[in-house]
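K.L.:
Please see the structure below; I have some questions.
Read the figures in this text as sums done on the coordinates, not as results from a lab. Owing to the predicted nature of the structure, the values given are computational and were not obtained by experimental measurement. Neighbour counts are summed over all protein chains in view; Cβ atoms, including those assigned to glycine, are modelled from backbone coordinates with ideal geometry.
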Amino acid sequence: MQKQKLLINGERLKQELERFAAFGRTENNGVTRLALTEEDRQARDYFRSCCEELGMSVTVDDMGCMYATLEGTENRPPILIGSHLDSVKKGGRFDGVLGVLAGLEVVRTLVDHKIKPKIPITIVNFTNEEGARFEPSMMASGVLSGKFDKSAMMQKKDAAGITFEEALKGIGYAGDAENRLRKGTAYLEMHIEQGPILEKEATSIGVVECVVGMACYEVEVTGESDHAGTTPMKMRKDALFAANNLINEIRSRLGSLDEDLVFTIGRVNVYPSIHTVIPNKVIFTLEARHKDMEIVNTVKNIIQGLPYLGVSEGCEVKVAKLWERDTVWFEPELCVLLEQSAKSLGYSNKRMVSGAGHDAQFIASLVPSVMLFVPSINGKSHCEEELTTWEDCEKGVNVILDTVLALLNK
Ligand SMILES: [Zn+2]
């Protein structure tokens with residue numbers, strides 16, 4: 001006979017999500033909880049008090065990341081569960097906070113059932129994941145993994161000229177570098193999908209295999225400005241018409257590469273942008289994302305070949321790479337554990353990729369990591385309409401709990 005599964009308290013999870021939504025609530029039921037603001041401090045203080053009530057010890061590192069640890073009976077690297085408590089401006093009630101509260105609910109369930117884990121369990125709140133107040137995003141996990149330089153990050157300023165370091169001290173969360181996350185048995189990050197796939201396919205659980213690789217370019221097209229009324233069409237070097245041709249070429253060439261490839265021309269600047277003047281310069285960005293780096297490399301070759309396409313109407317085309325990142329693959333064994341847990345609980349599930357960046361992509365270089373997605377209604381996130389059903393939140397945390405139990409039993 002199958003053993004009864006241990007389940008979380010879904011009502012308690014819902015109440016805590018609602019409670020956290022009050023820290024920085026906006027008019028339309030969203031959240032503005034920028035990193036290291038008063039709202040962030042309130043959420044952090046409340047999170048700390050919840051953890052201390054459970055007998056957990058809470059430490060803070062030099063980037064302001066919080067670690068709440070339930071001791072294990074054996075001295076082993078902890079199982080980490082977490083995400084971030086900060087939000088973008090007018091963001092939603094689920095992005096980030098769900099992954100932290102998943103950890104809280106897992107520990108509460110263990111404590112309810114008087115289960116003393118042999119491996120310590122640590123809930124993590126990574127500082128400034130969003131990068132909405134201080135760029136870049138995933139700042140703290142980037143420093144922890146050695147991707148970003150700490151002293152440079154400390155000097156980053158917000159729009160008001162306040163540095164990250166000042167803000168961190170200001171809310172009382174400048175901790176000790178000794179407390180930094182360095183090792184772990186596993187890192188589990190539950191997050192809303194922020195895309196439409198799970199909802200569209202009526203699937204509750206996404207087992208995330210990787211954060212996709214990407215390349216980002218800036219294309220500069222230079223022509224000549226002339227009078228819009230007196231210059232015959234044949235004698236023009238119109239940078240905008242040239243850019244338009246290039247954009248059409250990009251659409252057709254990248255569009256036929258692979259159906260999972262996504263690419264975006266997110267910024268276009270036209271100069272001098274006067275209605276009586278032929279544009280002499282257009283600058284646009286192009287980014288492309290795919291899990292298969294071979295496809296990303298094909299994209300790079302196509303982009304680098306843009307100057308030679310012969311569609312530039314006599315204009316000069318220059319291509320510059322802004323930045324790129326390789327695909328980060330999560331721990332295959334952890335993917336299997338999440339999948340088995342979802343199956344054993346009877347929840348629909350599928351393997352997927354993350355097109356967006358998350359702390360887990362950096363933490364994966366320190367600790368075997370994995371992510372779990374739950375559906376975003378209409379795919380919406382980073383806006384006040386962001387929504388995930390309570391039922392899916394509960395299912396996701398049940399999978400995290402079951403996976404933690406599987407790790408404890410290994
Ligand atoms: Zn997030």
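K.L.:
Among the residues of segment 187-203, what is the count of those that are closer than 23 Å to Ile123 by Cα and buried (at least 23 other Cβ atoms within 10 Å of the Cβ)?
P.N.:
The total comes to 7.
K.L.:
Just to be sure I understand the filter: pairs with C-beta atoms under 6 Å, separated by 6 or more residues or on different chains, first member in segment 125-144 and on the phi > 0 side of the Ramachandran plot, second member among the hydroxyl-bearing types (Ser, Thr, Tyr) and within 11 Å of the ligand (Cβ to nearest atom). Which pairs pass?
P.N.:
If the second residue must be among the hydroxyl-bearing types (Ser, Thr, Tyr) and within 11 Å of the ligand (Cβ to nearest atom), the pairs left are Gly131/Ser137.
K.L.:
Restricting to segment 87-127, give me the number of residues that are within 16 Å of the ligand (Cβ to nearest atom), β-branched (Val, Ile, Thr) and outside any helix (DSSP H, G or I).
P.N.:
Counting residues in segment 87-127 that are within 16 Å of the ligand (Cβ to nearest atom), β-branched (Val, Ile, Thr) and outside any helix (DSSP H, G or I) gives 4.
K.L.:
I would also like to ask the following. Applying the selection to segment 156-173, what residues are in a loop (DSSP other than H, G, I, E, B) and either touching an Asp or Glu at 6+ places or on another chain (Cβ under 7 Å) or surrounded by fewer than 14 Cβ atoms within 10 Å (Cβ to Cβ) (or both)?
P.N.:
Listed by number, the residues that qualify are Lys156, Ala159, Ala160, Gly161, Ile171, Gly172.
K.L.:
Right, next: Give me the pairs, please: first residue somewhere in segment 103-114 and closer than 14 Å to Asp402 by Cα, second residue anywhere and among the small types (Gly, Ala, Ser) and assigned to a helix (DSSP H, G or I), beta-carbon distance under 9 Å, and either six or more positions apart or on two chains.
P.N.:
Sorted first by the residue in segment 103-114, then by its partner, the pairs are Glu105/Gly10.
K.L.:
To continue, here is another question. Just to be sure I understand, how many residues within segment 260-313 are within 30 Å of Arg351 (Cβ to Cβ) and in a helix (DSSP H, G or I)?
P.N.:
11
K.L.:
Does segment 35-55 hold any residues that are crowded, with 23+ Cβ neighbours inside 10 Å and in a loop (DSSP other than H, G, I, E, B), and which are they?
P.N.:
Matches in segment 35-55: Ala35, Leu36.
K.L.:
Residue under question is Leu372, and the condition is that it be closer than 26 Å to Met214 by Cβ, within 16 Å of the ligand (Cβ to nearest atom) and touching a Leu at 6+ places or on another chain (Cβ under 8 Å); does it hold?
P.N.:
Judged against the criteria, Leu372 is a match.
K.L.:
Follow-up. Can we say Val311 is among the β-branched types (Val, Ile, Thr) and surrounded by fewer than 18 Cβ atoms within 10 Å (Cβ to Cβ)?
P.N.:
yes
K.L.:
What's the number of the only condition in (1) of a type outside the set (A, V, I, L, M, F, W, C); (2) under 21 Å from the mean Cα position of the chain (by Cα); (3) surrounded by 12 or more Cβ atoms within 10 Å (Cβ to Cβ) that Glu224 fails to meet?
P.N.:
All conditions are met except number (2).
K.L.:
Any residue in segment 182-195 that is more than 14 Å from Ser381 (Cβ to Cβ) sitting within a Cβ distance under 7 Å of a residue that is near the ligand (Cβ under 9 Å from one of its atoms) and part of a loop (DSSP other than H, G, I, E, B)? List the pairs, counting only those 6 or more apart or interchain.
P.N.:
Pairs that qualify, where the first residue is more than 14 Å from Ser381 (Cβ to Cβ) and the partner is near the ligand (Cβ under 9 Å from one of its atoms) and part of a loop (DSSP other than H, G, I, E, B), are Glu189/His358.
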